[in-house]
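The block underneath contains the structure these notes are about, expressed in structure tokens.
Read the figures in this text as sums done on the coordinates, not as results from a lab. Computed from a predicted structure; not experimentally measured. As a convention, Cβ positions derive from the backbone with ideal geometry for all residues, glycine included, and neighbour counts pool all protein chains shown.
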Amino acid sequence: MSTPPPPTGGGNGKYIAVAVVLLLGMGGLIVWRITSKPDAPAPTPTAVTTSAPTQPPPPKFDDIPPPPAVEDAGPDTGPTNRGPALKPCEILSCNGNMTPDTEASLGMLARQTRRKCYEPALAQDPSLMGHVDLKLRIAYDGEICSSSVDSADPGLQQVGECTARIIAAAGRVPAPKGCVNVKFPVTYKPQGK
């Protein structure tokens with residue numbers, strides 16, 4: 001048996017032929033696209049006219065929306081004196097309310113007075129215990145305007161005065177809702193009782 005001889009012609013001829021056909025086809029499309037313009041009417045010339053700028057008409061009062069409704073924010077607990085600018089502690093009317101943050105801060109200040117005010121007195125009298133009521137005035141911005149002893153159990157007057165001085169020296173607490181006059185109780189008793 002004999003094997004057929006290998007092909008003698010080049011195998012690239014058909015690829016060249018396909019490439020030539022594609023190039024001719026693309027060339028034909030380009031020529032057709034250029035020569036065939038749609039039947040569109042000729043553009044009509046337009047005249048450009050300029051005029052002096054005109055001002056817009058004044059707004060109509062009917063087009064202006066009414067102002068939004070004002071919500072009632074409750075009673076005014078801020079400064080009540082509308083005269084010359086006053087310092088927060090100079091405001092006469094105090095009818096605000098304490099906030100939890102204000103009360104917590106006062107409680108923390110009162111606990112700090114234990115070491116400075118109560119423990120030295122307790123060293124003199126180991127049975128010393130009781131309540132001190134402080135009278136405080138706190139401005140709407142949290143400034144402590146005044147601090148004094150309103151009442152104290154027997155033997156605790158000096159402890160109360162020391163406590164009032166330390167709280168006044170703190171100067172400021174978180175702001176209440178408006179200026180407040182408040183009676184603030186502080187209880188002192190020895191550790192473990």
Net charge of Cβ neighbours under 12 Å - reference GLY160; Lys, Arg +1; Asp, Glu -1: -2
Mean Cβ neighbour count within 10 Å, used as a protection proxy, ranking 110-116, 163-169 highest first: 163-169, 110-116
Equivalent ellipsoid dimensions for the stretch 93-187 as semi-axes, Å, which come from the Cα gyration tensor, largest first: 25, 12, 10
Student exercise, the stretch 93-187 dipole from Lys, Arg, Asp, Glu Cβ charges, in Debye to nearest 20: 160 debye
